[in-house]
Amino acid sequence: MASTASSSSGFNGETAVVLLFIARVFFSLPFSLLLHGLALSLLALSALFVEITADTSPSLSLLKTRPGASSGILLGAVTLPAVMLSKLIQLSRSLPLHEVATEELEYLTVQYWATSATSLGVLVFLYIVISHATDNMGPRSRVSLDAKLSLSGIVLYSAVCSVSLATTSHTGFDTVLKLLWVLCHGLAAVKLIQHFLSTFPSCASIGEALLVTGGLVLYFGDMLACTIVKVIGFLSSSDLVSVQYGIKRSEITTIIQGLLLGLLLLPVVFKYVVKVWECSLSRAYCEARTCNEIGRSLIFFASLGFILIVIIPLWMQFVQDFNLHPLLWVISFVFSEPLKRLSLCIYWVCVIYVSVLRFYNISKNSKIERILLRKYYHLMAVSMFLPALIFQPKFLDLAFGAALVIFLALEIIRVWRIWPLGQLVHQFMNAFTDHRDSDLLIVSHFSLLLGCALPIWMSSGYNDRPLTPFAGILSLGIGDTMASMVGHKYGVLRWSKTGKKTIEGTAAGITSVLAACSVLVPLLAIIDAFIDISMPMFAALVISSPRRDREWFVGSIHSTT
């Protein structure tokens, strides 16, 4: 009876939702992607057995995860591969219509297997940790059974991956190259999740850490591949590299990637420079706390400026054909439509200033739970991002990247206590933290920003689902907010005895998102119809106008497209 209970503990509401989502993706697969769907199913089953085993063994304590949180292994392992597979399904529908090139589909296929390899590598790592913990236990019949089932799924998944890559490659060398590329992603994910959990103990569950590490490995692996293509031109004969050449990258994507890379490399450079600086000073000077803090601060901001203004722009201009310095390109992009974009910036600044000032005072003087107080920021995100997504989507992409860079820079300043801003930022951010954050790492604002931005970034290019870019804004800004507020005030029926989620809150979240979609769909149709009608009329008016106005009209069309 005890083993049955422990096994059933792995089957909860979250598990049911994840498996339902995987089943929905699987039944949408075309015949050409059946191997990909089979691999995702094996990955989900392996992750499920690993999660059940981890929840019933003492291995989680060895990894220094967030106390009181569920492991979330299944959700963390299948989220990114399922999203990538959904994108593959979408592109496969557009291929007969010649909306996308074959190279783009091949490139995304390699990205899918690389994403899956990050989850598979972490699952293998967890399996080894669990097996080691099991060896130190007494009776281990049930744990060994779950571990063996998870290992079987991992082996079958690896076989399916190899077969799929072999069928899409032209030569054996291409297959080996792709398998090595995929294997490197898995190994990098294992090393990164170990480093993350040891550097920031008790800050995240395994599933959350897996999502972060998987996303970082995939994101910067893409940057590495792009750089390798530029450096080693003779490798263009291989499938992996020629696919990279076939993908057109926007300037905004390159700028965001470069800035994030620079900020993530900044701590490494800063630690090395500070160590050299302290060794070169006398012992008495190093013991002077004020002088030491000022010196560290100057080194930090000098390193930050050098990396973001000199080093990273050199990489950007190397991989992308910028006609001018990337910083100047950003300025020219903003001022290409000054009335719209500057007005939007002013609107954002006003909304942020009023909201932060108001909610910060409430957080200090009110007894409202912080989890509810932070939901007001979700509503603020809706009011900020929704109009920009409808009327200025490209500028919103750049704005999301800039906001992410600012958040990351402030978090580095807060963690390192960089004088004079470190302590001020720490005190301000503590006003909005709850049990899911810690003094060591605060990630709530990152979750909100990335939750809104990632659906927009991933739906760039061909997209036959008009509501896809709005998925993050609707689910986080409206659905999650309504679920928390209604569940907190009116919730009675709980999904589980130990959890705080209520059926009333879930129903409110689903209903609010459906209501928002029912309003947004006709609104988008009206806007598209207005553009279709107004553009030909405006074009006819300009054609009959003098030459100078016609040149302006053509320039405006190019700037919007």
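The values are calculated or read from the model by the stated rules, or taken from the named source; none is laboratory data. Please read these numbers as outputs of a predicted model, since none were measured by experiment. Don't worry about glycine lacking a Cβ; one is built from the backbone with ideal geometry, like all the others, and counts go over all protein chains shown. Each accessible area value is taken on the protein alone, full model and side chains, heavy atoms only, with ligands, DNA and RNA left out. Shrake-Rupley method; radii C 1.70, N 1.55, O 1.52, S 1.80 Å.
Computed from the C-beta positions of Tyr272 and Ile510, the FRET efficiency with R₀ = 56 Å rounds to 0.65. If r is the Cβ-Cβ distance from Ile309 to Phe446 and R0 is 30 Å, what FRET efficiency results, to the nearest 0.05? E(calc), rounded to 0.05, equals 0.80.
Placing dummy labels 7 Å off each Cα toward the beta-carbon, the span from Ile390 to Ile526 is 0.8 nm. In this view, the solvent-accessible surface of Asp464, computed with a 1.4 Å probe and all protein chains in place, comes to about 50 Å². A 1.4 Å probe over all protein chains sorts Lys178, Lys64, Lys230 by accessible area into Lys64, Lys230, Lys178, starting with the largest.
At q = 0.12, 0.19 Å⁻¹ the log10 of I(q)/I(0) for region 248-336 amounts to -0.49, -0.84, computed by Debye summation with a single uniform scatterer per C-alpha, solvent ignored. Among the protein heavy atoms of region 248-336, carbon and sulfur supply 68% of the accessible surface, probe 1.4 Å, non-protein parts ignored.
The protection proxy used here, the mean number of other Cβ atoms lying within 10 Å of each residue, ranks peptides 341-354, 72-85 as follows, highest first: 72-85, 341-354. Highest-first packing order for the peptide set 510-516, 400-406 is 400-406, 510-516, based on the mean count of other beta carbon atoms within 10 Å.
Label positions at Lys64 and Ser336, each projected 7 Å from the Cα along the C-beta direction, are separated by 4.6 nm.
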